[in-house]
Amino acid sequence: EFDLAGVFNGSSGYVDLPNIFNSKVSLTVSAWFKTTGTEGTIYVDWNSDKNIHIQLISGKIYVSTYYGTTALNFTSPLTYNNGQWHQVVVANNIIANTRNTWVDNQLIENNATLPSGTFSHAQYIAIGAQDVGGSFASFFNGSIDQVRIFNKALNATEVTTLYNETACTPPIVENCFD
């Protein structure tokens, strides 16, 4: 339904979801967010490894992927904390060994090489904060809506379709582009 976004207070609110990933897999995460804050985690799946971590730092989108101790980090050139809705989509393609990031249907990170390393931990998902040594931090201050996790790396056409949708009632995990 529309107008039912999660509203996060920037100090204690988050959504903690159970294990979904047990191995290094291709996946895409999409979320709509709105904030005037400059810092905070939008989405992270974590344990010892971080498969996809989407955060605001100084109002810019920061995306990181860790496998073991190797990381791929990216910071957007623009800020997105203007109080308007923005969509962020991050796609890890394990087969091509690349990551792409879109904001508002614009490709801002193109075929970045994913880090090497192992991935052997169950992953837990948090929306609106990240786990730091067993407690939560980096709380998001604003609204997050339409968080969607796909079990494949979406391509540009599929991201455009997702961006242009007018109605959606997704489950937490779906693959609607097969």
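Structure summary
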| read-out | value |
| --- | --- |
| Inter-residue pairs, beta-carbon under 6 Å, first within 15 Å of Ser64 (Cα to Cα) and among the basic types (Lys, Arg) and in segment 96-110, second open to solvent by less than 40 Å² (accessible area, probe 1.4 Å) and outside any strand (DSSP E or B), 6+ apart | Arg99/Leu114 |
| Top-ranked residue of segment 102-119 - restricted to ones that are among the β-branched types (Val, Ile, Thr) and at pLDDT below 95, ranked as nearest to Asn164 (Cα to Cα) | Thr113 |
| Unmet criterion (only one of (1) modelled with pLDDT of 95 or more; (2) surrounded by 13 or more Cβ atoms within 10 Å (Cβ to Cβ)) for Ile94 | (1) |
| Residue tally, condition of a type outside the set (A, V, I, L, M) and crowded, with 17+ Cβ neighbours inside 10 Å, over segment 144-164 | 6 |
| Exclusive hit being under 20 Å from Gly59 (Cα atoms), exposed (fewer than 15 other Cβ atoms within 10 Å of the Cβ) and modelled with pLDDT under 95, set Ala137, Ala122, Ala167, Ala129 | Ala137 |
| Filter result for the condition that a residue is open to solvent by 80 Å² or more (accessible area, probe 1.4 Å) and closer than 23 Å to Asp145 by Cβ, over Trp102, Trp85 | Trp85 |
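A quick yes/no check of all residues on (1) more than 17 Å from Gly142 (Cβ to Cβ); (2) among the aromatic types (Phe, Trp, Tyr); (3) at pLDDT 85 or above:
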position: Glu1; (1), (2), (3): yes, no, no
position: Leu4; (1), (2), (3): no, no, no
position: Val7; (1), (2), (3): no, no, yes
position: Ser12; (1), (2), (3): no, no, yes
position: Leu17; (1), (2), (3): yes, no, no
position: Thr28; (1), (2), (3): yes, no, yes
position: Trp32; (1), (2), (3): no, yes, yes
position: Thr36; (1), (2), (3): no, no, yes
position: Thr41; (1), (2), (3): no, no, yes
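The values are calculated or read from the model by the stated rules, or taken from the named source; none is laboratory data. For clarity, every value in this text was computed on a predicted model and none was experimentally measured. Quick reminder, even Gly has a Cβ in these numbers, built from the backbone with ideal geometry, and neighbours come from all protein chains shown. Note: accessible area is taken over every heavy atom of the protein model, side chains too, but ligands, DNA and RNA are not part of it. Shrake-Rupley method; radii C 1.70, N 1.55, O 1.52, S 1.80 Å.
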